[in-house]
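Each remark here refers to the structure printed beneath this line.
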Amino acid sequence: MGIVYLVGAGPGAPDLITLRAADLLRRADIVFHDALVHPDTIALAVNAEKIAVGKRCGAHSTAQRFINKRLIDAAARFDIVVRLKGGDPMLFGRAQEEISALREAGVEVSVVPGVTSALAASAELGVSLTRRGVSRSVVFVTPRVGAGEEAVNWAKSVAAADTAVIYMAASQAAQVATALQAAGMAADTPVAVVENASLRGMRRFETCLHHLATDAVHWRLSGPAVILVGEVYRRDCLAVDNTCHARDERAIANLS
Ligand code: SAH
């Protein structure tokens with residue numbers, strides 16, 4: 001029986017991967033990778049059979065069961081099986097389903113962490129998620145629920161945290177703004193959006209909850225994006241450089 005490694009590929013840029021992940025990819029016999037993983041990262045697996053699994057917006061549960069089965073089958077045939085996931089495997093990546101299925105089948109699993117999108121987006125903004133005196137708590141949250149899952153009150157967790165990073169929500173900016181204001185957040189709460197963090201097509205924007213829905217229409221986000229919410233993104237809070245940069249890009253977005 002081989003070992004299945006759940007490996008974080010990082011947020012996009014191929015050099016934002018851990019040495020452990022790169023080493024495992026080089027030694028891998030077979031790699032099952034997400035759609036969002038950069039081709040140069042997959043190319044590190046020089047000797048492996050490479051198989052694309054999962055849709056961009058997360059696999060359906062039947063597809064997930066199929067992935068689980070393929071991982072178990074692969075572990076019976078190969079020594080090093082890599083399941084390569086965008087960002088960090090343990091955040092919004094269906095890792096638990098795969099870990100449970102593999103353990104039930106008696107397959108050894110090992111997890112290699114990666115740089116999650118929230119951290120890559122913060123690097124792009126140059127704004128600390130926990131700016132001293134402004135924020136002491138961060139929540140990673142998504143409004144997205146799987147088929148048959150109960151909708152939890154994700155907006156309440158955002159309102160309760162100092163800073164929030166919202167995943168898988170860029171296409172529902174209007175609903176996000178409405179839900180957060182319904183949860184009691186002020187209309188002028190600052191919002192930042194980072195698309196394609198760490199990648200060449202990176203864009204970042206700033207707005208507030210009140211303007212998020214209309215601004216998002218102009219931005220026409222097409223790549224993966226996170227919505228960041230909290231006082232740390234208030235202009236007075238930002239260093240001058242960041243403020244100017246964000247403003248420029250917003251102006252450009254509004255022109256297009
Ligand atoms: N496990 C991943 C998240 C998977 S969910 C991680 O740790 O990052 C997919 C969501 O991640 C996307 O809908 C988007 O919200 C976010 N995302 C992924 N790559 C991104 C990137 N390069 N820039 C901004 N957001 C990204």
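Please treat every number below as a calculation from the coordinates, not as lab data. Since we're looking at a predicted model, the values are computed, not measured. Please note: Cβ atoms are built from the backbone with ideal geometry, for glycine as well, and neighbour counts cover all protein chains shown.
Counting other Cβ atoms within 10 Å as a rough exposure proxy, the listed residues Asp73, Asp215 run Asp73, Asp215 from fewest neighbours to most.
Subtract the Cα-Cα distance of Ala160 and Arg235 from 0.36 nm times their separation in residues, and report this length gain in nm to one decimal. Don't skip to the answer; put the middle values down first.
Numbers: separation 75, 0.36 × 75 = 27.00 nm, distance 2.14 nm.
Difference between extended and current length: 24.9 nm.
For region 3-112, the relative contact order works out to 43 percent when only alpha carbon pairs closer than 8 Å and six or more residues apart are counted.
Within the same chain, lysines fewer than 8 places from Lys50 are excluded, and of the rest, those with a Cα less than 19 Å from its Cα are Lys69, Lys85.
Using only the alpha carbons of region 3-112, what is the convex hull's orientation-averaged projected area in square nanometres?
Numbers: hull surface 23.0 nm².
In nm², the orientation-averaged hull projection of region 3-112 is 5.8.
Exposure here means at most 10 other Cβ atoms within 10 Å; with GluC sites (Glu not before Pro) in a DSSP loop as sites, the longest stretch of the chain lacking them is 1-148. Per-residue extension of 0.36 nm, minus the Cα-Cα distance of Ala151 and Met1, leaves a gain of 50.1 nm for this segment.
Approximating the spin labels as points 7 Å out from Cα along Cα→Cβ, the Glu49-to-Val217 distance works out to 5.0 nm.
Give the order of Leu199, Leu19, Leu102 when sorted by the count of other beta carbons within 10 angstrom, beginning with the fewest.
Working: Leu199 17, Leu19 7, Leu102 21.
Ascending number of Cβ neighbours within 10 Å: Leu19, Leu199, Leu102.
Among the DSSP beta bridges whose two residues both lie in region 3-112, what percent are antiparallel, rounded to the nearest 5? Taking every DSSP beta bridge within region 3-112, about 5 percent pair in antiparallel fashion.
In region 51-195, the inverse of the mean reciprocal separation of distinct Cα atoms equals 17.4 Å; this is its Kirkwood hydrodynamic radius.
Size estimate for region 117-255 follows the Kirkwood approach: the inverse of mean 1/r over distinct Cα pairs works out to 14.9 Å. Between Glu97 and Arg26, the C-beta separation translates, for a Förster distance of 30 Å, into a calculated FRET efficiency of about 0.65. Here the sum of -39500 (n - 2.57) over DSSP H runs of 4 or more residues, divided by the residues of the chain, equals -11000 deg cm²/dmol at 222 nm, to the nearest 500.
Region 109-176: which trypsin sites (Lys or Arg not before Pro) are DSSP loop and have at most 14 other beta-carbon atoms within 10 angstrom?
Hits after loop and neighbour filter: Arg132, Arg136.
Using the alpha-carbon positions of the chain, Rg (one decimal) and Dmax (whole number) come out as 19.3, 58 Å. Among Arg77, Arg27, Arg235, whose mean-square fluctuation peaks in a Gaussian network model of the chain (Cα, cutoff 10 Å)? Sorting by GNM fluctuation, first place goes to Arg77.
Net charge of the neighbourhood of Gly2, taken over other residues with C-beta under 11 Å away and scored Lys/Arg +1, Asp/Glu -1, is -3.
Our estimate of slack between Ala105 and Thr130, defined as 0.36 nm per intervening residue step minus the Cα-Cα distance, is 4.9 nm.
Ranking of Lys50, Lys69 by neighbouring Cβ atoms within 10 Å, starting from the fewest: Lys69, Lys50.
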